[in-house]
Each structure stands twice: as structure tokens, then as C-alpha cells.
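Reading through the C-alpha cells given below for one structure.
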Amino acid sequence: MFLKKTLLHKKTKFQDIKIFDLAELGKSLVIDGISQSCVKEEWIYHEALIHPALILHGKKKNLEILVLGAGEGATLREILKHKNIKQITTVDIDREAVEIFKKFFSEIHQGFFDHPKVKLIFDSAENFLTNNQKKYDIIYSDISDPGYYNLSSKVK
């Protein structure tokens, strides 16, 4: 990969964020030294993550979705391609990171952070799951260590 430019290097309270402009892949996100996504190829991961569960729910209306990890907003974008969504509750621990992603990755999130069906909460996934009694039709975990959380008690 040919590095054209480093666009950002910022340490938030929770993570070390780097955004690069790569010649072949466009803007690329690296968190804590681990490549997360790039503009040109992120769709591969996000389409595979999102659509199977939503397709399995068929024509069920008014789905309540929980997304752990807001990231660059691609998960929201893909979920909102489906018309049977009532609400998406998105939980992310790092408000500063989400603001950075909103600024640098508009071509990925396409403004869906501000969609009326999206409720964005800044909290740890663990704290949210521990203190929230609501049940969800689908839970997506798009966080660094999804094996850490027991999600089975939150699925309808």
C-alpha cells in the first residue's frame, strides 16, 4: 500500500486513532494499531455482517435493533437499507472517536448518524447491557472484543 498522507493521529480517552489516505484504498482507519476499514473495501465486511440476520427476519415489521459500536457508521447505513426497522439503538464508548468518524468518513456513514430511527448512546457496551432491560430483535456487535459480552439474554 502506498501511503499518500496521514490525515489524523489522535489519542482519545479510549483508543489511538489513525486515519490515512492510501493510494489504492482511499481513507483508511487504524485503531490501536489494527486496521479497521478503508473506504474502498469496507462494504464487504458490513454487508456480510448486517444483511443475513435482517433477511432471516423476513417481512417482520418494526424491528428493534441494537448495535454495539458505532464506528464509521457503515453498520447504520446497511441496516437502514431495510424498510422494516423501527429503531436502531447504537452504543459506543467513545464520543470523541464517533465525532472524528463523522467528520472523516461521510462517504461511509452518508449522514445516517442523524437518521430519525437512530438513537446514539455513549456508554460502554458492558454497562449498557447490564443496566438495560429492553429486548431487541437483532443485536450486532461491531466492537473490538465481541466475545467478552453475553448477549443472549437481550434477544427477543
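Restricting to Cα pairs below 8 Å that are 6+ residues apart, what does the relative contact order work out to for segment 60-127? Please round to a whole percent. Let's see the in-between values first.
Working: 113 pairs, mean separation 27.0, N = 68.
40 percent.
So in the chain, what percent of DSSP beta bridges are antiparallel if you round to the nearest 5?
Numbers: 17 of 33 bridges.
Percentage antiparallel, nearest 5: 50.
May I ask for the equivalent-ellipsoid semi-axes of segment 75-147, computed as the square root of five times each C-alpha gyration tensor eigenvalue and listed largest first in whole Å?
Ellipsoid half-lengths, sorted descending, are 20, 17, 11 Å.
Go through 60-70, 33-43 and give me the packing order, highest mean Cβ count within 10 Å leading. Working shown, then result.
Details: 60-70: 18.9, 33-43: 15.6.
The peptides rank, most packed first, as 60-70, 33-43.
Note down the Stokes-Einstein diffusion coefficient of the chain in µm²/s, whole number, using a Kirkwood radius over alpha carbon pairs, 25 °C, and 0.890 mPa s. Display every interim value, and only then the final one.
On the way: Rh = 16.2 Å.
It diffuses with D of about 152 µm²/s by this estimate.
So in segment 17-101, what percent of DSSP beta bridges are antiparallel if you round to the nearest 5?
On the way: 10 of 16 bridges.
Roughly 60 percent of the beta bridges in segment 17-101 run antiparallel, per DSSP.
Would you please put 71-79, 51-59, 22-30 in order of how densely packed they are, using the mean number of other Cβ atoms within 10 angstrom per residue and starting with the highest? List each step's numbers first, then the result.
On the way: 71-79: 24.4, 51-59: 11.4, 22-30: 17.2.
With the highest mean Cβ count within 10 Å placed first, the list reads 71-79, 22-30, 51-59.
With +1 assigned to the C-beta of every Lys and Arg and -1 to the C-beta of every Asp and Glu, and no other charges, what is the dipole magnitude of segment 2-156 about the Cα centre in debye, to the nearest 20? Could the numbers behind the result be given before it?
Values: 24 positive and 21 negative charges, 137 e Å.
It comes to approximately 660 debye.
Could you pull out every one of the lysines with an alpha carbon less than 30 Å from that of residue 61, ignoring same-chain neighbours closer than 8 positions?
Filter leaves 81, 83, 86, 102, 117, 119, 134, 135, 154, 156.
Quick note: the coordinates plus some simple rules give every number you see, no bench work behind them. Because the structure is a prediction, the values reported are computed rather than measured. When we count neighbours, we look across all protein chains shown, and the Cβ atoms used for this are built from the backbone with ideal geometry, even at glycine.
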